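Just below is one structure, and these are the notes that go with it.
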Amino acid sequence: MSLAIALLTQDLRLHDNPVLRAACAAADEVVPLFVLDPGIAAAGFAAPNRAAFLADCLTDLDASLRPLGGRLVLRRGPAAPATARLAAELHAASVHVAAGVSAFAQRREQALRAEFGERLHVHDGSLTAVVPGAVTPAGKDHYAVFTPYFRAWSQAPRRTVHRPPKALRTPDGIASEPVPAAEPQSPALPPGGERAGRRLWRRYPLDRYADLHDDLAADATSRLSPYLHFGCLSAAALVAEALRHGGEGAEAFVRQLAWRDFHHQVLAARPGAAHHAYRDRGDHWLPEDDEECAAWRAGRTGFPLVDAGMRQLAHEGWMHNRARLVTASFLTKTLYRDWRIGARHFLRLLVDGDLANNQLNWQWVAGTGTDTRPNRVLNPLAQADRLDPDGAYVRRWVPELAHVPGRAVHRPWLLDEHPAGYPEPLVDPAALSARLRAARALD
Ligand SMILES: Cc1cc2nc3c(=O)[nH]c(=O)nc-3n(C[C@H](O)[C@H](O)[C@H](O)COP(=O)(O)OP(=O)(O)OC[C@H]3O[C@@H](n4cnc5c(N)ncnc54)[C@H](O)[C@@H]3O)c2cc1C
């Protein structure tokens, strides 16, 4: 009898899981293993919303494995020694894991390699639709601009999407930790797990995506991001299914999944971009001022669209992409504060909080990343008129303004009477670019 360990990380699913599939092909018995690594908590990554979602994912995966003859084994500790202990207990012949893109994942892989040598098998293509590094511009190790990346990405060969295993034998009697209990911070968190993610995807009206994905009040994006972050859904499978479905909605959706791959290939090549400017613009950000940054975090800037986004984040642990862009631009460009302040706050709350997508989107907005127009400022008033023309999104999230009809809700300072309890604007609405322009000497 041979035994393989499938060390699962951000691939908590049965469908289209290259790691699980390879482990099943390699041995008679398979131990699907998840290690609760204190390094993740130490890096600030075990935020309550994601910890709660993760607990759902682990419970769900175990429940899906059991009818197949398997189960999920949980261990605690740094991943490499914890896996090595289990491998020694069970005389495992091989260990399988997905290739990751962060510095943490790369260090974990090195530590596993040191423990297992040739017995370690690292599988590409688990986390993204196109493997980071599979398409590169001539002479470079990654694409720094999305449009040419997307062209190359669209032509890249795609791997076959795998079915879930039909059966999987995990030996009895292996000690396992319980799934850790976790209280979410946000009251309206979605349920985690592969089955919840697949249900959402099956019911998602993809055809509406092209027309409605920028409409804040319509709330018509897929909300699949946390399921993609934890790998409850496979990006490769979503791309394949969307392309099969066809049409404008599917094409626009696939483009967003390519953005996800784009950021992953940047981070894989430049892991330091999670914490340092990808392109240094010589910024000397204003200090982390209590009043302004606190107002931004609390959704009390006096700019209704910004405040609506920040309050949605607190309540749901999720924010619409367009609101993420506006709130991030407001912090970095209008208040001229370091993108890392905002990225940290988002990571504390986002259920889809993801090092590649969060840090590199923040850098994109701050102009220190891959945006080819680094000094653009998203004006929250113009954005509000375009993305929330009737003001319904703002009224949903800012109760102090719920009585203000139509788009007047976006400029409460113009109303005859300022709405009770709602703050005055933090900065002059006519000078939203002033600090950035002065700091980057743009005039
Ligand atoms: C400042 C800022 C921070 C962000 N932080 C994160 C984060 O931590 N985690 C995260 O998954 N996304 C992040 N995004 C990207 C994007 O906002 C979310 O992926 C999207 O809002 C999730 O909602 P959805 O699943 O309904 O997206 P949909 O519009 O339905 O898109 C489908 C999928 O495509 C991917 N995607 C969509 N837009 C982007 C994008 N701009 N960049 C990368 N991938 C994208 C996501 O995986 C998403 O689930 C951030 C964007 C900004 C501007």
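The values are calculated or read from the model by the stated rules, or taken from the named source; none is laboratory data. This structure is a prediction, so every number in the text was calculated from the model and none was measured. For neighbour counting, all protein chains shown are included, and Cβ atoms are generated from backbone atoms with ideal geometry for every residue, glycine included. Ligands, DNA and RNA are stripped out before the accessible areas are found, and what is left, the full protein with its side chains, is counted by its heavy atoms. Shrake-Rupley method; radii C 1.70, N 1.55, O 1.52, S 1.80 Å.
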Just checking, which of His284, His275 is more than 17 Å from Leu127 (Cα to Cα), open to solvent by 30 Å² or more (accessible area, probe 1.4 Å), under 22 Å from the mean Cα position of the chain (by Cα) and at pLDDT 95 or above? His275
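I need a count of the residues in segment 217-233 that are free of Cβ contacts under 8 Å to residues at least 60 places away in the same chain and within 11 Å of the ligand (Cβ to nearest atom).
Taking segment 217-233 as the starting set, the residues that turn out to be free of Cβ contacts under 8 Å to residues at least 60 places away in the same chain are 218, 220, 222, 224, 227.
Filter once more, so that each one left must be within 11 Å of the ligand (Cβ to nearest atom): 220, 222, 224, 227.
Qualifying residue count, segment 217-233: 4.
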State the number of residues belonging to segment 1-35 that are farther than 14 Å from Leu61 by Cα and of a type in the set (Ser, Thr, Tyr). 1
Return the pair list, or none, for Cβ contacts closer than 7 Å from residues in segment 349-370 that are without any contact (Cβ under 8 Å) to a residue 12 or more places away in the chain and at negative phi to residues that are assigned to a loop (DSSP other than H, G, I, E, B) and not basic (Lys, Arg), at least 6 apart or on different chains. Trp364/Thr370; Trp364/Asp371
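Could you list, in sequence order, all residues of segment 348-378 that are within 16 Å of the ligand (Cβ to nearest atom) and open to solvent by 20 Å² or more (accessible area, probe 1.4 Å)?
Across segment 348-378, the qualifying residues are Arg348, Leu355, Asn357, Asn361, Trp364, Thr372, Arg373, Pro374, Arg376, Val377, Leu378.
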